[in-house]
Amino acid sequence: MFLTKLALKNLTRHKKRTIITAFVISFGIFIFLVSDSLMVGMSDLTIDNSINLQTGHLQVMKEEYWENKDELPMNNLIEEDSNIINDIKNTVSSDNYTSRLLFGATINNGSEDYPINAIGIKPDDDQKVFDLKEYILEGEMFTGGQNVVIGKGLADLMGFNVGDYATLLFRTEEGTFNTIDAQLSGVIDAPHPEINEFHVYLPLQLAQDSLNIGNKVSKYLFRLGERDKSITAANNLNALFNDNGSNLHAYNWEQLSQELLAMIQQGNIENMIMLIIIIVLATVGVINTVILSALERLEEIGMMKALGLKVREIVYIFVIESTGIGIIGSFFGVLIGSIGVYFMSNYGLSVSSMTEGQSTFGIPIADKLYGGWEISTFIFIFFFGILVSILASILPAIWGAKKDPVKAIYHK
Amino acid sequence: MALLKLDDIKKIYHQGKIDVPAIRGISLDIEKGEFTTIFGPSGSGKTTLLNIIGCLDKPSSGDITYEGQKKLSELNNNELSDFRRYNLGFIFQGHNLIPVLTAFENVEFAIRIIDEISKKERRKKVLDILESVGLKGLENRKPNELSGGQKQRVAIARALVKNPKLVLADEPTANLDSETSEEVLDIMLKMNKKLGTTFIFSTHDPQVMRYARRLIEIRDGKVTNDDQGEDLDVPH
């Protein structure tokens, strides 16, 4: 206890040095917390955007379709069978169901064309699963007929206004060309660059008729109470499909967002770099402080050894001092980090101005980016700062404590 | 039985390929309660001998027997630390006080690490010893608030507070004026008489030698003279 008291009093010997070393740790922790908060906010926002606007919680399609889904194939589509759909609804305990038909096309404004993803939807069902309607900027969502809704980015690019006519050119399953002339009923400005720039929504019936595929759709899509239920629901459905010998397969939100999650994972590397920076900063700061302290206190170390203190007791004094610096640094790091994260969470960071609405580091955010809170991160980094401080002090402390007492006393 | 028995102590420093003998075979008996001064010119080996007696340095050969039983050469570093902790007190010319601790805490340090007595007893003991060295009322001052003589008194109090059997003092008055030196030496002599503590000094100050009851002269690492008694012939 006495040695602990002495160690803590030693922190007041060179207040400036203690403050600077603690500040270095605080700064590293601040940067980490803000960066982590942005990553958490970005992850939550992008996942929510993706679920709310593009994937839903659960999708059912043929496995063969899944394998080639990026090419928007016209084979391996599924019949919209009400019996199967009811079975699925019962299994996943959700009535929030819709179906979509996706196909590749080009949109033409009379003078230019541009490749897009055409998506046939049933607006009434679709809004049970997706929030598209909430992001209508101009006009309205169609209810049927020869209408389309497109993203703002695409509308700006092609010079379309609500009420204008657009032509979609595409190939049918048989490989023959066909077109749809449709009136632009609405423009969407969604927080998802892909939707704003590449998606054209049209009534499912119109798409099916134009493609001459009867009532086939690409997939069934469901919204569940929470996204965490998706994994169990998909497993249950796949068990059902196996029992029935069906060639359908259910995919949970994680599988549907694989690329997105990979990008988020990539973003987490940034946090690892921040952690490494903290380790380096704290280690250099603490080692420097302990070595300077040991050099300054050589005579004292010698005197302590003469009084009978053992090497481990002298190491203990230095380590406790470093622990004190770690606690001060971590405390203020977490404090200023909390302030930073508070501002990030409440006021956000406008990324649309940085990216001009195109994309955000490859992740589909086209709006303000808000920070997220994760208490576990605050607790982790607080103790991490202290731990790094302790570990960094051990070797220089041993170096100081092992000094020959005679040389230390007489400062040879 | 002698408190300390030094048997043919030699100490050789190796400077590159050259061997520099600092102590060339010293054998001595130090009795309990002695007030002994080791003197000699600079470089004669006084401090080296004191450091070897205090287990801060190890002899190249020879041995020290403590109270007729314990051979110090047989102890490892931890055991030597314990030996110093429980049996020895040190006074250095630089006093080596801890600047962030008060006079009270600096003295308390020596018994806190032994931790054998209650807080109340410890407090009484520290205050008593501070009073004995004339520092009553100054116990809450930090070293930078004390004069050179007062600091050295704190160092004496720190060396004596645990009632060690042996106190080693390396040039304890080197940084003090003659008046303060006398005060400090008076205190040590008083403690020697009051507590029966054995004192060994190294010095080349005739003023210190006048207080000694035994004078050991060292030259070139050898004892050249060893006088005991009340009326010693103090060199000038």
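We did not get these values from a lab; they are worked out from the coordinates using the rules stated. From a predicted model like this one, the values you see are computed outputs, not experimental measurements. All Cβ positions, glycine included, derive from the backbone under ideal geometry; neighbour counts span all protein chains shown.
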Rounded to the nearest 0.05, what FRET efficiency do A:Asn212 and A:Asp124 give with R0 = 41 Å and r taken as the Cβ-Cβ distance? Could you check? 0.95
Which whole-number percentage describes the relative contact order of region A:58-223, with Cα contacts under 8 Å and a sequence gap of 6 or more? 33 percent
Going by amide H atoms built from the backbone, whose H comes under 5 Å of the H on B:Ile218, apart from near neighbours? B:Phe39, B:Gly40, B:Thr224
Taking each pair of distinct Cα atoms in region A:58-223 once, what is the resulting Kirkwood hydrodynamic radius in Å? 16.1 Å
Which whole-Hz ³J(HN,Hα) couplings does region A:389-406 yield from phi under the Karplus relation 6.51 cos²θ - 1.76 cosθ + 1.60, θ = phi - 60°, glycine and proline marked x? 4, 5, 4, 5, 8, 4, 5, x, 5, 5, 4, x, 6, 8, 4, 4, x, 5
Listing B:Ile38, B:Ile129, A:Ile320 by rising number of other beta-carbon atoms within 10 angstrom, fewest first, gives A:Ile320, B:Ile129, B:Ile38
Crossing angle, helix B:148-160 versus chain B [Cα axis fit, 0-90 degrees, rounded to tens]: 80 degrees
In 10 Å bins starting at 0, how do the alpha-carbon pair distances of region B:118-236 split up by percent? 12, 42, 32, 12, 3
Cα lying deepest toward the dipole's positive end in chain B, options B:Phe109, B:Gly89, B:Leu72, charges on Cβ: B:Phe109
What list do you get for A:Phe2, A:Phe198 if you sort them by fewest beta carbons within 10 Å? A:Phe2, A:Phe198
Which GluC sites (Glu not before Pro) does region B:65-169 hold that lie in a coil by DSSP with at most 12 other beta carbons within 10 Å? B:Glu116
Among B:Arg219, A:Arg297, rank each residue by its count of other Cβ atoms within 10 Å, from fewest to most, as a rough exposure measure. B:Arg219, A:Arg297
Chain A: angle of helix A:82-92 to the longest principal axis, Cα-based, in degrees nearest 10: 20 degrees
For the protein assembly as shown, take the alpha-carbon Rg, divide it by the Kirkwood Rh, and send me Rg/Rh. 1.34
If one computes the Cα centroid of region A:75-133 and of region B:17-95, what distance in Å separates the two points? 93 Å
Which one, A:Asn147, A:Phe2, A:Leu281, projects farthest toward the positive side of the charge dipole computed for chain A from Cβ point charges (K/R +1, D/E -1)? A:Phe2
Region A:1-85, Kirkwood Rh and Cα Rg, ratio Rg/Rh at 1.50
Region A:303-315 - phi-based ³J(HN,Hα) in whole Hz, Karplus 6.51/-1.76/1.60, Gly and Pro as x: 4, 4, 5, 5, 6, x, 6, 8, 4, 5, 6, 6, 4
Which listed residue (A:Tyr65, A:Gly104, A:Asn90) has the Cα farthest towards the positive end of the charge dipole for region A:45-113, taking +1 on Lys and Arg C-beta and -1 on Asp and Glu C-beta about the Cα centre? A:Asn90
With an 8 Å Cα cut-off and a minimum separation of 6 or more residues, compute the relative contact order for chain B in percent. 28 percent
